[in-house]
Amino acid sequence: YEKKVKLAEIQKMMQDKIPPELGQSIRAYMRISMLLNPKTQVRNIFGNVGIMPVNVVADTIASQIDKVIAHKTNVRTTGNIDLAQYTKGFKQGLYQSYNDFKKGINTRNMEGNRFEVTEGRSFNNSNILGQAMNKVDNFTSFLLDAGDRGFYEGAFINSINNQKVLNNTDTVTQEMIDIATSEALQRTWQDNNKYTQFVMNIRKGLNNISFKGYGLGDVLIPFAKTPANLTKAIIDYSPVGLVTSITKGKNLKNAIETGQFTAKMQHDFVQDLGKATAGTLLYVLGYALASAGGLIPNGQVFIQVPHRIQ
């Protein structure tokens, strides 16, 4: 993390020299107006907390499947949640998020020795109003990051620890890091996949119609990755997910037989199957309760309309 901090500080020095476009300022203002409110922050945290019991069941199922497959591959990739390790990672994530905010940097997406020089400050920092808006923008980003980063680091540390214990080793390989990173990103709805790329490409295409850097895609799809992953989860945690995981199971079987197996393939399969099984059980439970009248009092349906759609 200390290495990432130094790289992020260099990145910040370079990016701060890039003057903001008008479209960039408009985009930041819209982001602030939509996200800087208590409802969004509470929903962000409870969204991460709410899925944890389902993931505990999913990990229990996935770890047993992983154990069976390990008889052929001699590799374990998935275990259960170790509360002590998860808490350790959670605290570490909160510290890193606050330290990044305090230094005005972003170490979240840095890997190895590389970083990308992208957009700098969102507003012109040469006047008081621009300086104030940049502080508000940074604070908004911090609140969103803090709501995710503890859960991300908790999942990451837990996965690394599981792989070390289950494989009886103290050596952390790059493949272990890749598996843990993938799992942590999925658990916080931040992973890149075909569906998120599809949505982001649509936004990119719509942004060909733009005004000074603020495009039609920014208007129609202001947030792409997290909403896309939440939509994808409807399939992943459902009976449909069981069907799609069969394909990964066949690919894994062929890879083992042809010597093209990787631990990441095993991890992806058992995770997908675990989530689909846990989600299907939840569907069955919900249907049983609904049939028994446990979810709908007096046979009536109540619909609560939110004051505002995030």
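The values are calculated or read from the model by the stated rules, or taken from the named source; none is laboratory data. If you're wondering where the values come from, they're calculated on a predicted model, not measured in any experiment. For neighbour counting, all protein chains shown are included, and Cβ atoms are generated from backbone atoms with ideal geometry for every residue, glycine included. Accessible surface is based on the protein model in full, side chains and every heavy atom, while ligands, DNA and RNA are left aside. Shrake-Rupley method; radii C 1.70, N 1.55, O 1.52, S 1.80 Å.
Quick one: Karplus J couplings for the stretch 242-259, per residue in order, coefficients 6.51, -1.76, 1.60, θ = phi - 60°, nearest Hz, x for Gly and Pro?
Result, ordered by residue: 5, 5, 5, 6, 4, 4, 5, x, 5, 5, 5, 4, 5, 5, 5, 5, 9, x Hz.
Show me, bin by bin at 20 Å from 0, the whole-percent P(r) of the chain based on Cα pairs.
Per 20 Å bin, starting at zero, the Cα-Cα P(r) for the chain comes out as 27, 55, 18, 0 percent.
What list of ³J(HN,Hα) couplings, whole Hz, do you get for the stretch 173-188 from phi and the Karplus terms 6.51, -1.76, 1.60, once you set θ to phi - 60° and write x for glycine and proline?
Those phi angles translate into 8, 5, 5, 4, 5, 4, 5, 5, 5, 4, 5, 5, 5, 5, 5, 10 Hz.
When the dipole is taken about the Cα centre of the chain, and only Lys, Arg (+1) and Asp, Glu (-1) are charged at their Cβ, what size is it in debye, to the nearest 20? Show your work: numbers first, answer last.
Details: 35 positive and 25 negative charges, 89 e Å.
Dipole of the chain, to the nearest 20 debye: 420 debye.
Taking the alpha-carbon distance from Lys204 and a cut-off under 12 Å, which aspartates and glutamates remain once sequence neighbours fewer than 8 residues away in the same chain are dropped?
Within reach: Asp218.
In the stretch 230-250, which residues have a backbone nitrogen under 17 Å from the label point lying 7 Å from Lys72's Cα in the Cα-to-Cβ direction?
Zone members listed by number: 245-250.
Could you give the size of the charge dipole of the stretch 47-127 about its Cα centre, using +1 on the Cβ of each K and R and -1 on the Cβ of each D and E, expressed in debye and rounded to the nearest 20?
The dipole of the stretch 47-127 has a size of about 180 debye.
Counting each DSSP H run of 4 or more residues in the chain as -39500 (n - 2.57), what helix-only mean residue ellipticity at 222 nm follows after dividing by all residues, to the nearest 500 deg cm²/dmol? Can you show the working numbers first?
Details: 12 runs with 216 residues, N = 310.
Calculated mean residue ellipticity at 222 nm is -23500 deg cm²/dmol.
Can you tell me the equivalent ellipsoid semi-axes for the stretch 180-235? Use √(5λ) from the Cα gyration tensor, largest first, whole Å. Working shown, then result.
Values: eigenvalues 126, 21, 15 Å².
They are 25, 10, 9 Å, listed from largest to smallest.
When the accessible area of the chain is split by element with a 1.4 Å probe, what percent falls to carbon and sulfur?
Looking at the chain in its full context, I get 62 percent from C and S.
For the stretch 7-53, max minus min Cα coordinate along each principal axis, in Å, sorted largest first?
Principal extents (largest minus smallest coordinate, Cα): 45, 28, 13 Å.
Which whole-Hz ³J(HN,Hα) couplings does the stretch 51-67 yield from phi under the Karplus relation 6.51 cos²θ - 1.76 cosθ + 1.60, θ = phi - 60°, glycine and proline marked x?
Values, residue by residue: 7, 4, x, 5, 5, 5, 5, 4, 5, 4, 5, 4, 5, 5, 5, 4, 5 Hz.
Can you compute the modelled spin-label distance between Leu289 and Ile209, with each label point 7 Å from Cα toward Cβ, in nm?
Result: 4.4 nm between the two label points.
Quick one: accessible area per residue over the stretch 10-72, 1.4 Å probe, rounded to a whole number of Å²?
Using a 1.4 Å probe on heavy atoms only, each residue of the stretch 10-72 averages 58 Å².
Å³ per residue of the Cα convex hull, for the stretch 1-146?
So the per-residue hull volume is 154 Å³.
If you take the Cα atoms of the stretch 76-208, find Rg, then find the Kirkwood Rh from the mean of 1/r over all pairs, what is Rg/Rh?
Result: Rg/Rh = 1.05.
For the stretch 162-294, what Kirkwood radius comes out of the mean inverse Cα-Cα distance, in Å?
Evaluated on the stretch 162-294, it is 17.6 Å.
Can you bin the stretch 206-245 into rounded, prolate or oblate? Criterion: square roots of the alpha carbon gyration tensor eigenvalues sorted a ≥ b ≥ c, rounded for a/c under 1.5, prolate for a/b above b/c, oblate for the rest.
Verdict is prolate for the stretch 206-245.
Please report, in cubic angstrom per residue, the volume enclosed by the convex hull of the alpha-carbon atoms of the stretch 1-83.
That works out to 206 Å³ per residue.
Taking amide hydrogens as modeled 1.01 Å from N in the peptide plane, which residues meet the under 5 Å criterion relative to Tyr214, leaving out close sequence neighbours?
Gly23
With the crude spin-label approximation of a point 7 Å out along Cα→Cβ, what separation in nm comes out for Glu2 versus Ile128?
4.1 nm
Listed here are the pairs Lys4/Lys39; Lys17/Lys135; Lys91/Lys275; which of them are more than 23 Å apart at the Cα? Each step should come with its number before you reach the end.
Working: Lys4/Lys39 32 Å; Lys17/Lys135 17 Å; Lys91/Lys275 26 Å.
Exceeds cut-off: Lys4/Lys39; Lys91/Lys275.
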